[in-house]
Amino acid sequence: MSHVVVLGAGLGGTIMAYELKDILGREHKVSVVNKGSQYAFVPSNPWVAVGWRDQKSVTIDLEPVFKKRDIGFFPQGAKRLNAADRRIELLDGSVVDYDYLVIATGPELAFDEIEGFGPEHQTQSVCQVDHAVSAKSAFDELVANPGPVIIGAVQGASCFGPAYEFAFILDKALRDAKVRDRVPMTFVTSEPYVGHLGLDGVGDTKGLLESEMRAHHIKFICNAKVDKFEAGTVSVSEMADDGTLKQTHELPFVYSMMLPAFRGVEAVRDIEGLTNPRGFILADKHQRNPAFPEIFSVGVCVAIPPIGKTPVPVGVPKTGFMIESMVTATARNISRLVAGEQPDAQATWNAICLADFGDNGIAFVAQPQIPPRNVNWAASGKWVHTAKIGFEKYFMHKIRSGQSEPFYEHLALQVLGIEKLKAIKLDSKE
């Protein structure tokens, strides 16, 4: 019997555990290590931050679900991975041994890299549900005492979609409260242009998002390097395309939400051969680490180099469907190793994204996510808002029911021509 451990129970880790259990069956053991037993649906956090959802409605207790699926669970959390000995030390001093490990930790939020940054200092966050709950209190104060707002993403950020979503969701919430006319809004981003998204755009995201910004009276500054946050002020260096300083800005705010850069979590950082200098997990085309071939990785923790050079550092996002394709490839590859065969599955890294703007939104499909692409499409409309609500309900149903991909989801994706795995080539021996 093999013991496969999943480190992390976020979007990728939870689905990873379900899919491993499906493919390995009862004869092998699957366990999950996570800090706490609560799963939070992160894409709903912008709604929590303006009071359209509460914390309870977007969280799920994983313990009974894992028990029903016969998945071992260690909610103590990981202190340190000992990759050489195939062992994880937990925060309570106990240890978990493994034959195969899937790292799905997500990121650590690097607020400390900029003075005054983060929910413990001068700015709000929607990266975690508890941050979003705190941001709701700050939103209430903004409604009571309107003033300038700064939204965006700092240098090194790789997840830009939630920043755009929150800018427009906040705009809608302020309009509903009838105080938008007293709230000047500025979008500050490290991207070289609006709609870059860390992907050099998808379809016409540049034109679509610039148009939405103008229609909603949101000013924007691109190629922005945030120098520091102080009480009521953010200092920004706007860079020219050649990387030289173009202009400095001292922007006042009474409310700010900016997304941070990510890095690998402490439990896996600085392990030679496992991570890059930023702490992200190195992986080959099969999601497998070259130095420790029994270790795989999925999700935001995977090391992916930037698409190209930009005046201000910009990372590459790992979107939901892209992560699910990593999960499916990893599950197949581990099952083949357990059976004495070699990995053969490669994730497509296709991306499907729904960006909600409160009463409309933008959707895009990128196949694959990293250009050049076979499909490069984006569109906007009120239907996106409705679709995002439907996706929230559907995905949380999957988590509660312990399913990775119901048959009707698989069928729908096949009809749309959206695959999770690249075509697997069989040699003559197979």
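The values are calculated or read from the model by the stated rules, or taken from the named source; none is laboratory data. It should be emphasised that the depicted structure is a prediction, and the values quoted were computed from it without experimental measurement. Note that each Cβ is placed from the backbone with ideal geometry, even for glycine, and that neighbours are counted across all protein chains shown. What goes into the accessible areas is simple: the full protein's heavy atoms, side chains included, and nothing from ligands, DNA or RNA. Shrake-Rupley method; radii C 1.70, N 1.55, O 1.52, S 1.80 Å.
When N counts the residues of segment 231-388, how does its alpha-carbon radius of gyration compare numerically with 2.2 N^0.38 Å, as a ratio?
1.30
Out of all Cα-Cα pairs in segment 180-224, roughly what percent, to the nearest whole number, are more than 15 Å apart? Numbers along the way, then the final one.
Values: 419 of 990 pairs.
Cα-Cα pairs of segment 180-224 separated by over 15 Å account for 42 percent.
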- Evaluate the Debye formula for the chain with equal point scatterers sitting on the alpha carbons, no solvent, and hand back log10 of I(q)/I(0) at q = 0.09, 0.10 Å⁻¹, in q order, two decimals. -0.56, -0.69
- Query: Along the charge dipole of the chain, which of V316, A379, S44 sits closest to the positive end, that is, farthest toward it, with unit charges on the beta carbon of Lys, Arg, Asp and Glu (+1, +1, -1, -1)?
  - Reply: A379
- Pop out the carbon and sulfur fraction of the accessible area of the chain as a percent, whole number, probe 1.4 Å. 52
- Task: For segment 157-279, report the translational diffusion coefficient in µm²/s to the nearest whole number, using Stokes-Einstein at 10 °C, 1.306 mPa s, and a Kirkwood Rh over Cα pairs.
- Result: 98
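What dipole magnitude, in Debye to the nearest 20, does the chain give about its Cα centre under +1 on Lys/Arg Cβ and -1 on Asp/Glu Cβ?
Working: 44 positive and 51 negative charges, 162 e Å.
So the magnitude is around 780 debye.
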- Note on the structure: So for R0 = 30 Å, FRET eff. of K309-E113 from the Cβ-Cβ r, to 0.05, ends up at 0.90
- Go through 73-79, 328-334, 191-197 and give me the packing order, highest mean Cβ count within 10 Å leading. 328-334, 191-197, 73-79
- Distance (nanometres) between label positions extended 7 Å along Cα→Cβ at K68 and K246: 5.2
- Positive-pole candidate from L170, M239, M258, dipole of segment 170-262, charges at beta carbon: L170
- Set the Förster radius R0 to 60 Å, insert the Cβ-Cβ distance between W377 and D97 as r into 1/(1 + (r/R0)^6), and round the FRET efficiency to 0.05. 0.85
- Item | Centroid-to-centroid separation of segment 54-79 and segment 191-261 [C-alpha atoms, Å] | 37
- Query: Could you give the accessible area per residue of segment 16-171, probe 1.4 Å, as a whole number in Å²?
  - Reply: 41
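May I have the convex hull volume per residue, in Å³, for the Cα set of segment 1-88?
Numbers: hull volume 9.2 nm³, N = 88.
Dividing the Cα hull volume of segment 1-88 by its residue count gives 104 Å³.
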- Please identify, among E210, E27, E230, the residue showing maximal mean-square fluctuation in a Gaussian network model of the chain using a 10 angstrom Cα cutoff. E27
- Message: Viscosity 0.692 mPa s, temperature 37 °C: what is the translational diffusion coefficient of segment 77-229 from Stokes-Einstein with a Kirkwood Rh over Cα pairs, rounded to a whole number of µm²/s?
- Response: 183
- At 0.36 nm per residue, minus the direct Cα-Cα distance, what do I370 and A215 gain on full extension? Give it in nm, one decimal, please. 52.9 nm
- Note on the structure: Under the 7 Å Cα-to-Cβ spin-label approximation, A291 and H3 lie apart by a distance in nanometres of 2.4
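Quickly estimate the mean residue ellipticity at 222 nm for the chain, helices only: each DSSP H run with n ≥ 4 gives -39500 (n - 2.57), and the total goes over all residues, rounded to 500. Don't skip to the end; give the middle numbers.
Numbers: 9 runs with 117 residues, N = 430.
Result for the chain: -8500 deg cm²/dmol, rounded to the nearest 500.
Among 381-388, 43-50, 179-186, how do they line up from the highest to the lowest mean number of other beta-carbon atoms within 10 Å? Please report the intermediate quantities before stating the final value.
On the way: 381-388: 15.8, 43-50: 25.1, 179-186: 17.4.
Order by mean packing, descending: 43-50, 179-186, 381-388.
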- Item | Listed residue (F391, A157, L197) projecting farthest to the positive dipole end of the chain, Cβ model | F391
- Highest-first arrangement of 367-379, 125-137, where packing means the average Cβ count within 10 Å: 125-137, 367-379
- Message: Please report the antiparallel percentage of DSSP beta bridges with both residues in the chain, rounded to the nearest 5.
- Response: 55
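What pairs in K21/K388; K225/K246; K79/K420; K29/K420; K172/K398; K178/K206 have C-alpha atoms more than 21 Å from each other?
Working: K21/K388 28 Å; K225/K246 11 Å; K79/K420 32 Å; K29/K420 25 Å; K172/K398 29 Å; K178/K206 29 Å.
As for pairs spanning more than 21 Å Cα to Cα, those are K21/K388; K79/K420; K29/K420; K172/K398; K178/K206.
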